[in-house]
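> Shown below is the structure under consideration.
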């Protein structure tokens with residue numbers, strides 16, 4: 001894939017950790033985290049855009065963090081290691097584990113500067129999927145599990161696994177900043193609008209995010225509070241009247257007869273063909 005020029009080089013979430021998006025391919029974001037002289041990239045599918053960004057900022061890479069094994073998340077690792085032979089932290093048992101120098105499981109912690117990140121296991125999209133959560137700075141790097149306005153497809157896991165992973169993320173503090181790996185927001189919000197057309201919070205969010213994209217700006221990070229108010233995959237525990245009607249009209253049955261996990265599965269199947 002041809003390299004793309006970063007569209008936003010100013011940190012967009014300044015805490016003890018500075019976070020910068022590096023656009024890649026058509027809709028990926030590689031996240032650059034900095035603390036003092038330390039610099040980490042999350043899910044570098046493209047080495048060239050990462051190298052360009054680091055050179056532009058005049059900094060060196062000190063570590064690589066991986067959420068799951070898909071090529072658009074790990075494809076740049078080997079080339080980056082040729083220039084910066086740094087530790088690579090990724091999920092234990094991953095099909096890409098040969099790329100990793102440290103194999104992570106849920107409950108372990110990573111350190112960036114003085115800030116700690118907890119490793120969360122969130123299977124569903126893939127079986128090896130993990131996330132990096134910083135309670136101190138209220139940041140979540142969740143790869144392809146939770147998206148702004150949506151969630152990832154269920155490729156390797158089960159709908160039940162994906163549902164439980166999303167429930168785990170939904171229980172985090174509401175002010176948590178959500179850093180997912182794709183700019184899928186407008187498409188996700190279009191589906192969310194079909195599920196809950198009367199959701200005022202959703203309508204306002206769609207208008208705001210459309211304006212951001214018109215100006216070439218990322219819609220990320222989102223916040224968990226926004227997701228809880230507008231993302232149907234985090235709102236399926238209790239069916240709203242609009243959601244019940246929409247699922248019925250889309251041919252997925254009466255969602256009032258479903259539990260949260262079954263309602264999630266119905267929504268995800270609908271989204272797959274939307």
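Bear in mind these aren't lab numbers, they're just calculated from the coordinates by the rules spelled out. Note that the structure is predicted; figures quoted are calculated from it, not measured. When we count neighbours, we look across all protein chains shown, and the Cβ atoms used for this are built from the backbone with ideal geometry, even at glycine.
> Pairs needed: first member in the range 245-274, on the phi > 0 side of the Ramachandran plot; second member anywhere, part of a helix (DSSP H, G or I); C-beta distance under 9 Å; at least 6 residues apart or different chains.
251/270; 253/247; 253/266
> Next question. Residue 265: within 30 Å of residue 31 (Cβ to Cβ) and assigned to a helix (DSSP H, G or I), yes or no?
yes
> Can we say residue 168 is touching a strand residue (DSSP E or B) at 6+ places or on another chain (Cβ under 9 Å), assigned to a helix (DSSP H, G or I) and in contact (Cβ under 8 Å) with a residue 24 or more places away in the chain?
Answer is yes for this residue.
For every residue, the table says whether it meets (1) surrounded by 21 or more Cβ atoms within 10 Å (Cβ to Cβ); (2) touching a helix residue (DSSP H, G or I) at 6+ places or on another chain (Cβ under 6 Å); (3) assigned to a loop (DSSP other than H, G, I, E, B).
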site: 190; (1), (2), (3): no, no, no
site: 203; (1), (2), (3): no, no, no
site: 207; (1), (2), (3): no, no, no
site: 217; (1), (2), (3): no, no, yes
site: 228; (1), (2), (3): no, yes, no
site: 237; (1), (2), (3): no, yes, yes
site: 242; (1), (2), (3): no, no, no
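> When you check residue 105 against the structure, is it in contact with a helix residue (DSSP H, G or I) (Cβ under 6 Å, 6 or more places away or on another chain) and closer than 26 Å to residue 34 by Cα, yes or no?
Judged against the criteria, residue 105 is not a match.
> Among the numbered conditions (1) surrounded by 22 or more Cβ atoms within 10 Å (Cβ to Cβ); (2) closer than 19 Å to residue 23 by Cα, tell me where residue 182 comes up short.
Status for residue 182: all satisfied but (1).
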